[in-house]
Amino acid sequence: MTDTIYVVDDNEINLKIVSAALQAVGYAVATAQNAAEALSNIEDVHPVLAILDVMMPDMDGYELCRQLRARPETSQIPIIILTTLSELDERLKAFEAGADDFIAKPFNPQELQARVKVLLRRLMPQTASAAALQAEVTAVFSLRGGVGVSTVATNLSVGLAQVWNSPVCLVDMALINGQSALMLDVPLRNSWGDLAGVRADEIDADMLQRILLSHESGLRVLACPKRFEDAELLHVDQVQRTLKLLKNQFEYLIFDLPHDFSATTVAALDLADRIVLLLSPELSSVRNASIALEVFDRLNYPPEKIQLLLNWTFSGKGLARTEIEKAIKRKVDIVLPNVGDALVSALTYGKPPVFQDPNGAIGALFEDLAYHWSKESQRSSLPQTVKDGYKRVRERARARQK
């Protein structure tokens, strides 16, 4: 059966151009010339994807997108917004409305075909394998904000997805102000907020697979809620249930944690096999790291569960590593060097360096770190499917040995 794409545009010429581009690569096309017609007919069409023009009478494409997302029958349809407006705020409006992609007019037909193909592949329903997995869980944490917790968690997650042919999930535990989806430029179509009204015992593996976002690297993401109110409705029993289910669906789980010891944060820390405690070379950060280590001790976490990562977040002179180690009474395990402006575009445009430039200095560092923190069982043997990330890591390792 040929997949049908639903195109909504009030301009007859635009409808013909988009339809011709899609039909040329084998898709069937259904069309509507306004939002009312689209809302009336879309459930009969059963499209695999919808393309919405923004500038339409009565109701624009953004509002149509929001209404489609609000309907249970159409909430999961992939949506591309097509518009002559290309400014950043228009792109943000599209994603806030629930769109999965944004293409500015005039467009190249080959670009439209490629974007449709990639989007359908990314959003294809994924299910866990019949045999339950047992994820290795890494929690990235700091009591001090601004030291790079989300940057490390995001790049580590993508690195694992690039190195291994194994399911990897990034879980944004900053339930009020998390940035994981933004840092990956993944539209926030689903999130923790979808679980806000669900009892803990009703959450199941299939439900979680439906609300996980997909990144181009193959990484899955459980994003923070879109709305503050939804975050307030999430309780620790729902979070614990979710994390335990995810542990049996993935090879690796990475938790991007907030800067607190709330009940949901502790639930994630308890489940972690490794806690990466971040600090920067300044007094407040060192003090907060020392406090965190004291709390970890009271929670009876074994010292070997904690990895100290010193992130040199500024170019000026900071506290010496030896002074920091003396103050916190333990060794720093890994130091991330200052990389100047290398992370600016990554943070601005949602392109983590490990994905955008895996052969660059910072991208290679994160990819190597992901391999270093992989399961010993995987590192000790050649994988059946050798991914490009694995090849890069091994090539760099051989170069260092020369």
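Overview of values
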{"read-out": "0 to 90° range, to nearest 10: angle between helix 149-163 axis and the chain longest Cα axis", "value": "70 degrees"}
{"read-out": "Distance between region 312-334 and region 19-61 - C-alpha centres, whole angstrom", "value": "57 Å"}
{"read-out": "Dipole magnitude of region 235-375 about its Cα centre (Cβ charges: Lys, Arg +1; Asp, Glu -1), debye to nearest 20", "value": "260 debye"}
{"read-out": "Of Lys105/Lys351; Lys305/Lys331; Lys351/Lys375, pairs whose Cα-Cα distance is over 20 Å", "value": "Lys105/Lys351; Lys351/Lys375"}
{"read-out": "Simple label model, 7 Å out from Cα along Cβ direction - Arg394 to Gln23, nm", "value": "4.9 nm"}
{"read-out": "Value of [θ]222 nm, deg cm²/dmol, for the chain, DSSP H segments ≥ 4, -39500 (n - 2.57) each, nearest 500", "value": "-12500 deg cm²/dmol"}
{"read-out": "Between 0 and 90°, nearest 10: helix 12-23 axis offset from the chain longest Cα axis", "value": "60 degrees"}
{"read-out": "Over the chain, relative contact order from alpha-carbon pairs under 8 Å, at least 6 apart, %", "value": "16 percent"}
{"read-out": "Rg in Å to one decimal, and Dmax rounded to a whole Å, for the chain via C-alpha atoms", "value": "22.7, 72"}
{"read-out": "Added length on full extension, which subtracts the Cα-Cα distance from 0.36 nm per residue, Ser381 to Arg210", "value": "58.3 nm"}
{"read-out": "Using alpha-carbon coordinates, inclination of helix 283-298 to the longest axis of the chain, degrees", "value": "80 degrees"}
{"read-out": "Mean Cβ neighbour count within 10 Å, used as a protection proxy, ranking 233-241, 371-379, 75-83, 253-261 highest first", "value": "253-261, 75-83, 233-241, 371-379"}
{"read-out": "Residues of region 156-193 with amide N under 20 Å of a point placed 7 Å along Cα→Cβ from Leu233", "value": "172-178, 188-193"}
{"read-out": "Value of Rg to Rh for region 4-122 (Rh from inverse mean 1/r over Cα pairs, i.e. Kirkwood)", "value": "0.91"}
{"read-out": "Cα-projected label distance for Ala361 with Arg199, points at 7 Å along beta-carbon direction, nm", "value": "5.6 nm"}
{"read-out": "Electrostatic dipole magnitude of the chain [Cβ: Lys, Arg +1; Asp, Glu -1; Cα centre; debye, to 20]", "value": "2040 debye"}
{"read-out": "Most mobile of Ser284, Ser214, Ser150 in a GNM of the chain (Cα contacts under 10 Å)", "value": "Ser284"}
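No value in this document is a laboratory result; all are computed from the given coordinates. Computed from a predicted structure; not experimentally measured. Virtual Cβ from ideal backbone geometry, glycine too; neighbours counted across all protein chains shown.
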